[in-house]
Amino acid sequence: MKRVFSGVQPTGNIHIGNYIGALKQFVELQEEMDAIYCIVDLHSITVPQDPRALKQHTLDVAALYLSVGLDPNKAIIFVQSTVPAHSELAWILTCNSYTGELSRMTQFKDKSKERESAPTGLFTYPLLMAADILLYDTDIVPVGNDQKQHIELTRDLAERFNNKYGKTFVIPEYRGTKVGARIMALDEPTNKMSKSAENEYSRISLLDTPEKVKKSIMRATTDSDGEIRFDEKNKPGISNLLTIYSVFSCLSIQELEKKYTGCGYGQLKKDLVEVVNDSLVDIQKRYFDIRESEELKRILKDGTEKAQTIAEKTMKRVKENLGFITL
Ligand code: ATP
Ligand code: LTN
């Protein structure tokens, strides 16, 4: 059976971009693969976090994993920092990587641009991500399109290591969704929808109220030509709304274009509000049942134990191949 691994940062505001680009695939893939899903708290501290909020957000993401349909009987769900091997392997990969290849990562370039001085962790972030993936002999990594370059780097690192030290790692593959691998911001549809964008109306979070969803969609930036047609280059706003509509309604983009021929943008937006809110109601109901339950911590503890067992095996192989002694 193939293995799937992925992770989400506990930085709050999980939005429909995260859901469409990543979480929805996680749920589908747990049915056909050996699935491991992580809450990557070590990644989140690459930028400053408030310790109390971090704790809350970690449990929030865990509860959201379950609310969108991850099943602890089918998938291992755990928190990254509870398995120390992630940091250990990240160091080993750091020593087998080059600053040149890390400097080419577009996420680093984008995120460091916003700051006067870039935190070192932001620079070495992809090595920790590679460690996450390689620790579990991962075949498939479902992520949004923004992470594709990190998966390519992971493949390079694994191949380099295997060539130098003998076969140690499985070479993983990127898996993106056909529709929605990059959901755009509602206010500026040429930017990706992001958790950290200042304008809260730029995104729809999974825990948003129906009123907030309505405001965000009704305010979404479109264009002035008035035609409902999918054309990402010339009509990024409408194309983004059609993509979101398609994912939540299970109608294809072509079906939607047909349905809305001759209609105004207002009608499309009004219907989209309803479609999104209907889907979020179910997720939110499950979320509030799970979030405060003891069950949640039990699931995470169980996940740590299972992940730890797999990670230890890989680390044994890595250390043996590197020439570290075992006593
Ligand atoms: P930020 O934008 O603040 O950096 P993020 O929204 O990218 O954060 P992550 O936890 O880093 O959040 O991402 C979780 C998953 O969601 C990743 O697989 C990522 O590729 C995916 N993802 C993030 N934004 C989008 C988007 N706009 N469209 C599709 N997938 C996305
Ligand atoms: N960098 C990813 C989160 C992440 C991840 C991973 C995804 C950390 N480790 C391993 C897949 C596999 C992001 O979403 N920004």
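Quick note: the coordinates plus some simple rules give every number you see, no bench work behind them. As the structure is a prediction and not an experimental result, all values here were calculated from the model. Cβ coordinates were reconstructed from backbone atoms using ideal geometry, including for glycine residues, and neighbour counts include every protein chain displayed.
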For 192-202, 81-91, ranked highest to lowest by mean beta-carbon neighbours within 10 Å, the order is 81-91, 192-202
Amide H neighbours of residue 35 at under 5 Å, excluding residues fewer than 5 places away on the same chain, with H built from the backbone geometry, are 4, 76
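Please identify every one of the trypsin sites (Lys or Arg not before Pro) in the range 1-54 that sits in a loop by DSSP and has no more than 11 other beta carbons within 10 Å of its own beta carbon. List each step's numbers first, then the result.
On the way: sites: 2, 3, 24, 52; in loops: 2.
Those that pass, being in a loop and sparsely packed, number zero.
Compute the normalised compactness of the range 1-124: alpha-carbon radius of gyration over 2.2 N^0.38 Å, N being the residue count. It would help to have the intermediate numbers written out before the result.
On the way: Rg = 15.7 Å, N = 124, 2.2 N^0.38 = 13.7 Å.
Normalised Rg, Cα atoms only: 1.14.
Taking every pair of alpha-carbon atoms in the range 278-327, give the share separated by more than 12 Å as a whole percent. Walk me through the intermediate numbers first.
Details: 896 of 1225 pairs.
The proportion of pairs with Cα distances above 12 Å equals 73 percent.
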Which FRET efficiency value, to the nearest 0.05, is calculated for residue 95 and residue 316 with the Förster distance at 25 angstrom and r the Cβ-Cβ distance? 0.85
Once you charge only the Cβ atoms, +1 for Lys and Arg and -1 for Asp and Glu, what is the size of the charge dipole of the range 156-268 about its Cα centre, to the nearest 20 debye? 400 debye
